[in-house]
Amino acid sequence: MTDTQIAKQFKIKVSSLKRIQKDLTFAKKEVGQEEERLQKLLAAPEPDDFRVRQQKQVILESKAMVPDAQNRLERAATDLEMFMSAETFGEDLQEQKAEAEALLIEVRA
C-alpha cells in the first residue's frame, strides 16, 4: 500500500473505533434512561399495565444493544491492532499512531 492509502485506511479504522465506542456509551446511557422511565411509570398512582409492559420491552431491546456494541467494539479494536502491526507508518502518521494506541488502551480497559 502507498502512504496515502495507509493513511486513509488508518483514519477510517480509527474513526470507526471512536464511533462504535460512542455507540456503546449511548446504549448504556439509554438503558439507564429507559429504566428511570419505567420507575416513573410504576410510581404513578395507577400505572397503566400496557405502558408498563411496553416500557419493559423497550428496556429489553435497549439492553440487547449493549452486547452488540461491545462485540463490534472488540472487532474494530482487533482490526485496528492488526492493521497497525502489519503496516509501516511514516513520520507524518506517528502522532496519530500514538493517539490510536492510547484509544486502544482506553477501549481495552
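The values are calculated or read from the model by the stated rules, or taken from the named source; none is laboratory data. Because the structure is predicted, anything quoted here is derived from the model rather than measured. We place every Cβ from the backbone using ideal geometry, glycine too, and count neighbours over all the protein chains shown. Side chains included, ligands, DNA and RNA excluded: accessible areas come from the protein's heavy atoms. Shrake-Rupley method; radii C 1.70, N 1.55, O 1.52, S 1.80 Å.
Observations, loosely collected:
- Acute angle (nearest 10 degrees) that the helix 3-43 long axis makes with the longest principal axis of the chain, alpha-carbon atoms: 10 degrees
- Taking the Cα centre of the chain as origin and assigning +1 to Lys and Arg Cβ atoms and -1 to Asp and Glu Cβ atoms, the resulting dipole is close to 340 debye.
- Acute angle (nearest 10 degrees) that the helix 94-108 long axis makes with the longest principal axis of the chain, alpha-carbon atoms: 30 degrees
- Taking only protein heavy atoms and a 1.4 Å probe, the accessible area of the chain is 52% carbon and sulfur.
- Taking the three principal axes of the alpha carbon atoms in the chain, the coordinate ranges are 66, 20, 19 Å, sorted in descending order.
- A 1.4 Å probe run over the protein chains yields, for the chain, 71 Å² of accessible area per residue, whole-number rounding.
- The packing ranking of peptides 58-70, 32-44, 85-97, 12-24, highest mean first, is 12-24, 58-70, 32-44, 85-97, where packing means the average number of other beta carbon atoms within 10 angstrom of each residue.
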